[in-house]
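Since the structure comes first, as structure tokens, the remarks are kept for the end.
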Amino acid sequence: MIAEAKICLSCNHVFHGRADKKFCNDYCRNTHNNHLNSDGNNYVRNINHCLRRNRRILSSLLPMPHSTMAKCAKQKLHSKGFAFSYFTHTQKNKKGHTVHYCYEYGYLVLTDERVMIVRKKTNT
Ligand SMILES: [Zn+2]
């Protein structure tokens, strides 16, 4: 096979190697792969951060620590920075409405303006 001039994906230096080679050496390959992994970690970290903030916002909107549900203006969630696209899971309640949960706290859309905040009873 003919060695062709290629550009290393990690250090951007020109090297000569087989057509399928992407890096000038193992060091560059490892560096590149570690970098990819850390991007993945950042992505996971950012989402975890959103989920935890959502959970904190939901818990702050329950009037008492032992409350399990409370109605609330949807705008209130928005103004506190609630990220509606992030939740850990969904569950249908007895009436067939979908509750979006962030861990043990969740919300249920009642109308365009109002939501119901709920807390799952946990055994801990
Ligand atoms: Zn390199």
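Side notes on the structure shown:
- Dipole magnitude (debye, nearest 20) for the chain, charges at Cβ of Lys, Arg, Asp, Glu: 740 debye
- Note on region 1-41: semi-axes of the ellipsoid equivalent to its C-alpha gyration tensor, largest first and rounded to whole Å, are 22, 9, 7.
- Restricting attention to the chain, lysine pairs at least eight places apart or on different chains and with alpha-carbon atoms under 19 angstrom apart total 14.
- Two-decimal log10 I(q)/I(0) for the chain, as the Debye equation yields it once each C-alpha is a single scatterer, q = 0.13, 0.15 Å⁻¹: -0.61, -0.71
- When the helices of the chain are scored as -39500 (n - 2.57) per DSSP H run of n ≥ 4 and the total is divided over every residue, the value at 222 nm lands at -11500 deg cm²/dmol.
- Net charge in the neighbourhood of R18 (other residues with Cβ under 14 Å of its Cβ; Lys, Arg +1, Asp, Glu -1) is +2.
- Computing FRET efficiency as 1/(1 + (r/R0)^6) for T88 and L36, where r is the C-beta to C-beta distance and R0 is 35 Å, gives about 0.85.
No value in this document is a laboratory result; all are computed from the given coordinates. None of these values were measured; they are calculated from a predicted model. Every residue, glycine as well, gets a Cβ built from its backbone with ideal geometry; the counts of neighbours run over all protein chains shown.
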